[in-house]
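Right, one structure below, let's go through it.
The values are calculated or read from the model by the stated rules, or taken from the named source; none is laboratory data. Computed from a prediction, not measured in an experiment: that's the story for all the values here. Positions of Cβ are backbone-derived with ideal geometry, glycine not excepted, and every protein chain shown enters the neighbour counts. Note: areas computed on protein heavy atoms with side chains; ligands, DNA, RNA excluded. Shrake-Rupley method; radii C 1.70, N 1.55, O 1.52, S 1.80 Å.
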Amino acid sequence: MNTGCSYFFFRLKVENVKNTMSQEDKSLKKFFGKIGRGVKKHKKLTIFLIIIIVLLITAAILVPKFFGKKENGMQTAKETTVNLSKMDLTSSVSATGTIESAKSKTVSADVTNVKVKSVKVSEGDTVKKGQTLVTFDESDLQDALTEAKDNLSDAKTQAASELSSAQRKLSEAKSTYSTQNKKSKSTVASAKSAYEQAKKEYKNAKSAEEKQKAKETLDKVKTAYEQAVSERENSNKQNQSNIDSAKEAVTNAKTNNKKTLREAQKSVTEASETLAACAVTAPMSGTVTAVGVEASDSYSGGEMFEISDCTDLQVSTTVSEYDITKVKKGQKVVILTDATDEEEIEGKITYVALTTGSSSLSSASSVTGGNGTGASSMTSSESSSDGYEVRIQILKENKNLRVGMTAKCSIILEEASDVYAVPYDAIHQNTSGDSVIYVKDSSTNTKKEITVTKGMESDYYVEVTGDGLSEGL
């Protein structure tokens, strides 16, 4: 018994129309003849009206003939059957993008207005990390470094001299204070002793003449004593002030020297760094994909080289807002290119943008200087304003792929292997609201209804499960 899972669609059958104006034509001729005789005075209007009426009546006659019915009044239906079989289903989102390196760096030098002496690499060359890419004319920079070092040496000499002088004056001020303090102390002590002795003599004087003479002596030594004390105080005060000033001079000398030496050392460091920046080397191993300088150019800044890892490739593409919610990091992707023909290249999503427009981060980076010092990440890839950027890692190296190639990507959303599936139109809904398919018995020309449950859907097929399903049904 031959059976088949069937689904139906209707086609309008157009039949040949022959002799469609038989009896009706004769009636029309008589009708229009009468009209023609009655409207001679309005010839143009009459012709226009006749054309309209002819078209309407002709349509009324021809349409039923074109869409003829069978004797039972039903239109012709064509039944199509398919054999039920198991297959692999895939639901995917399509996107077209560009192949690019997953890891690339642009190289520039932290120097300006320096003449390029030689360019060591060309586009397409393979380089290793640390390899020299370009050399500059370093004569002016060498002179600048020498001058900066000489200035630093002079600054050190001058700083040492100024500090030594300030320290010497401080030492002299302290010595003067000590010496004069000792001398004035001795003077005060001597004057005090004479004053005490004069007081005793005045006290022991007996006669008026002795008393008068002792009084005169006492007044003199008292004045000398008071003067010695005052001179000592003033001397010590002045000497202490000289010491304080000398100390401040030493402190200022140290501060100024530190500032002067720091500035001189900074000039040396900058000159050294500028000279070192002339040694531009590859920050990573890879292929030179762009060269932006030539020998004898005056380099004034900007990117000189781009180096990419052409063995580690990715696809940069965009997905519309309608599909982006279905796309997730880690999903499998099947990639096709014109260069690889029918070969399916496996990929995996590594990045899905949260906003439209340019992405905020990228795997590319810019390196200033030859040794990689000062490297900073920057955005290098952009996505279309009407879509969300998606980056797809190519999982296996393929020598036929090149940076810049167009890639057609199928982002796999869902997969089902070895399942029963039928076309969308083969599934109907019965009066109970259940999804069903119809199985035809060709020997008896009868149909059997089988209830099914719909599963995964692809672009054309739907997975079905249910009792009574079998291969070839």
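Considering only ASN236, ALA155, THR135, and ranking their Cα positions along the charge dipole of region 134-240 that arises from unit charges at the beta-carbon of Lys, Arg, Asp and Glu, the one farthest toward the positive end is ASN236. For region 400-473, with all protein chains in place and a probe radius of 1.4 Å, 40% of the accessible heavy-atom surface sits on carbon or sulfur.
Of LYS174/LYS258; LYS328/LYS408; LYS328/LYS348; LYS128/LYS348; LYS105/LYS408, which ones are farther than 20 Å apart at the Cα? LYS174/LYS258; LYS128/LYS348; LYS105/LYS408, as the Cα separations exceed 20 Å there. Normalised by the number of residues in region 383-473, the mean separation of alpha-carbon contacts (under 8 Å, six or more apart) gives a relative contact order of 21 percent. The largest-to-smallest principal axis extents of the Cα set in region 127-250 are 120, 25, 14 Å.
Between beta-carbons, use under 9 Å as the cut-off and find the net charge around VAL439, counting Lys and Arg +1, Asp and Glu -1.
+1
Tally Lys and Arg at +1 and Asp and Glu at -1 over the other residues with C-beta under 14 Å from the C-beta of ILE427: what net charge comes out? The partial results should precede the final answer.
On the way: positive: LYS454; negative: ASP425, ASP434, GLU449, GLU457, GLU463.
Its environment carries a net charge of -4.
Among LYS185/LYS254; LYS103/LYS332; LYS203/LYS237, which pairs are too far apart, with a Cα-Cα distance over 25 Å? It would help to have the intermediate numbers written out before the result.
Working: LYS185/LYS254 35 Å; LYS103/LYS332 21 Å; LYS203/LYS237 36 Å.
Checking Cα-Cα distances, LYS185/LYS254; LYS203/LYS237 exceed 25 Å.
Its relative contact order, with pairs defined as Cα atoms under 8 Å and 6+ residues apart, puts region 209-366 at 10 percent.
So which chymotrypsin sites (Phe, Trp or Tyr not before Pro) in region 258-332 are both in a DSSP loop and have at most 11 other Cβ atoms within 10 Å of their Cβ? Before the final figure, lay out each step's value.
Values: sites: TYR299, PHE305, TYR322; in loops: TYR322.
Filter output for region 258-332: TYR322.
With a cut-off of 13 Å between beta carbons, the residues surrounding GLU233 carry a summed charge of +1, where Lys and Arg count +1 and Asp and Glu -1.
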